[in-house]
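Have a look at the structure below before the remarks.
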Amino acid sequence: MKNILKVLFIFFGTLNLFGCNSYEYNEKFKDSNISIDKIGLDMKYDILSIEEDVNGVVMFEECGRPDIGKSNTVIGAHSGRARNAYFNEIHKLEVGDEIKVTYNDIEYVYIVEEVKEVNDTEVEVLEDKGKSMLTLLTCKIGDSSKRIIVICDMINGKN
């Protein structure tokens, strides 16, 4: 599973070549948190490159961040049987569910707008859409060619 997710993130890493924004990254924002009550997730996340090994929950530095208006913040984690499979249940999220992301000591609140399954080649889900949003990403359990994507709109924070 680790190799499959790494290939996914390396593939998604080519996104900047297709017109995505590239953002400056500030090391001081590493200690941050994501909370999703519906699936019992409340934990710190790291900020890493798409090209690095994922060992927990990760905000990808190549994508947007909550304090950058009209950007798509992308957070990913493994799913499956490994002990670091923190996104096993994101497929259970529904429209209207709330997700809180703390970044730089500010809590940003998002509402789930869509939960969908996409092919591993559909990288456009990581692109900015002209609004402040959050995208959660993981592999589909049992089918490494599919991804579970949760798209959320920011309701409280910097729009």
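Structure summary
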quantity	calculated
Difference of contour (0.36 nm per residue) and Cα-Cα distance, ASN156 to LYS100	19.2 nm
Backbone HN-Hα couplings from phi across the range 41-54 [Karplus 6.51/-1.76/1.60, Hz, Gly and Pro as x]	9, 8, 7, 6, 10, 9, 10, 9, 6, 4, 7, 8, 5, 9
Cut-off under 5 Å, modelled amide H: who pairs with LYS129 long-range	ASN72
Shape call, the range 92-159: gyration tensor on alpha carbons, a/c limit 1.5	prolate
Extension reserve of the ASP53-ASP143 stretch, reckoned as 0.36 nm per residue once the Cα distance is removed	30.4 nm
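Quick note: the coordinates plus some simple rules give every number you see, no bench work behind them. Keep in mind it's a predicted model, so treat the numbers as computed, not measured.
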